[in-house]
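Data block below; observations after.
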Amino acid sequence: MFGDVMGMMGKIKETQQKIEATKQRLNSVLVDEKSSDGLLTVTMTANREIKSLVIADELLLDKEMLEDYLITTLNKVIHKATNINETELAAVAKEGMPNIPGMDLFK
């Protein structure tokens with residue numbers, strides 16, 4: 001019994017380490033999103049850190065238009081990055097779940 005608990009604890013610790021390693025790796029996964037006309041491009045990591053914004057000069061002439069473009073494009077790239085992030089972390093967590101009777105709902 002004690003060995004089972006220790007084995008489970010080791011597996012949980014190993015899974016936590018894999019999750020941290022995955023989070024680090026996601027810092028290098030870049031996600032791009034462009035406005036439909038290409039006037040604004042946003043690049044973000046899968047950990048949702050903005051790496052670059054490229055704004056066409058013509059957008060600088062219209063503050064309201066630029067704000068609309070930023071909101072729309074940022075929301076799209078955040079959504080993409082979040083999907084990648086959650087999928088990757090869920091895969092690592094699921095892989096590391098110990099077999100606990102009655103816990104099948106997490107599989």
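Assuming R0 = 22 Å, can you tell me the calculated FRET efficiency for the pair A91 and I50, based on Cβ-Cβ distance, to the nearest 0.05? Write out the running numbers ahead of the final one.
On the way: r = 25 Å, r/R0 = 1.13.
Computed FRET efficiency for A91 and I50: 0.30.
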Surrounding net charge for D32, when Lys and Arg each add one and Asp and Glu each subtract one, Cβ distance under 12 Å: +3
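Near V42, within a Cβ-to-Cβ distance under 12 Å, what is the net charge of the other residues, with Lys and Arg +1 and Asp and Glu -1? Please report the intermediate quantities before stating the final value.
Values: positive: K34, R48, K51, K76, K80; negative: D32, E33, E49.
After counting each charged neighbour, the total is +2.
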Which lysines, on any chain, are close to K76 with Cα under 18 Å apart, when same-chain ones fewer than 8 places away are left out? K34, K51
How do E33, E64, E14 stack up against each other in accessible area, from largest to smallest, with a 1.4 angstrom probe? E64, E14, E33
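The values are calculated or read from the model by the stated rules, or taken from the named source; none is laboratory data. Remember, it's a predicted structure, so these values are computed and weren't measured experimentally. Using ideal geometry, Cβ is built from the backbone for each residue, glycine included, and neighbour counts are taken over all protein chains shown. Side chains included, ligands, DNA and RNA excluded: accessible areas come from the protein's heavy atoms. Shrake-Rupley method; radii C 1.70, N 1.55, O 1.52, S 1.80 Å.
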